[in-house]
């Protein structure tokens, strides 16, 4: 158990709908990453938050948004869903308040499998 | 931008040794990670290199050359359960500030261990 909790584990929804994926980071971790992994594809970085602030953006669509709350949990919102959005969505957390060069290992949740039909 | 390259697939025999290479190009390099991912599961941490050289952890070792932008993961005494994808990931610090590290993954190398 990595200590990172994602809900729900599975989600089936129709095209055009909107869903919210939730992530609770490991206790004490201030940084949260979101990744998308489509079938047989690598982990695509979407967005990173640190202590409530957005720190980095990857290939995140405009239909997608995220936020990190004061209690450090994070939500990824996916709207106007398309069939191609079907994927595993992973959240990871790490302790990034470390000196440069220290291990910034990210711990992954078990993912939310989103199926758009 | 960043570029991380690793072979798509590899096959090796149970009990053998396999080396999975990773090359990268990035600015603000902070460290290089290797993760293991079984199909449909979360990636799990294997190793971390920040300085040049070899880090050994049991059957797994990882090597880094910062000047060459090159790393490899070495798996010894292969077991069937080692069949998985191995992900090379680069941590970079583009802002030199707290929480600014970015973690970007390569597409992964799918390793098949055969009897």
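The values are calculated or read from the model by the stated rules, or taken from the named source; none is laboratory data. Note that the structure is predicted; figures quoted are calculated from it, not measured. Here the Cβ is made from the backbone with ideal geometry for all residues, glycine too, and neighbour counts use every protein chain on show.
Just to check your reading of the model, which residue among B:87, B:103, B:75 is at pLDDT 95 or above and under 19 Å from residue B:25 (Cβ atoms)?
Of the residues listed, the single one that is at pLDDT 95 or above and under 19 Å from residue B:25 (Cβ atoms) is B:87.
Residues in region B:56-70 that are within 14 Å of another protein chain (Cβ to nearest Cβ), touching a strand residue (DSSP E or B) at 6+ places or on another chain (Cβ under 6 Å) and either farther than 16 Å from residue B:18 by Cα or in a loop (DSSP other than H, G, I, E, B) (or both): B:64 alone. Applying the selection to region A:47-81, what residues are assigned to a strand (DSSP E or B), in contact (Cβ under 8 Å) with a residue 40 or more places away in the chain and closer than 18 Å to residue B:101 by Cα? Those that are assigned to a strand (DSSP E or B), in contact (Cβ under 8 Å) with a residue 40 or more places away in the chain and closer than 18 Å to residue B:101 by Cα: A:50, A:74.
Within region A:35-42, the presence of at least one residue that is surrounded by fewer than 21 Cβ atoms within 10 Å (Cβ to Cβ) and at positive phi is confirmed.
Could you please let me know if residue A:10 is at pLDDT 95 or above, more than 10 Å from chain B (Cβ to nearest Cβ) and surrounded by 14 or more Cβ atoms within 10 Å (Cβ to Cβ)? No: the conditions fail for residue A:10. Residue A:51: within 8 Å of chain B (Cβ to nearest Cβ), closer than 30 Å to residue B:51 by Cα and out of contact with any helix residue (DSSP H, G or I) (no Cβ under 6 Å at 6 or more places or on another chain), yes or no? So residue A:51 passes the test. Based on what the data block shows, is residue B:73 within 27 Å of residue A:36 (Cβ to Cβ), surrounded by 14 or more Cβ atoms within 10 Å (Cβ to Cβ), under 11 Å from the mean Cα position of the chain (by Cα) and within 12 Å of chain A (Cβ to nearest Cβ)? It is false that residue B:73 is within 27 Å of residue A:36 (Cβ to Cβ), surrounded by 14 or more Cβ atoms within 10 Å (Cβ to Cβ), under 11 Å from the mean Cα position of the chain (by Cα) and within 12 Å of chain A (Cβ to nearest Cβ).
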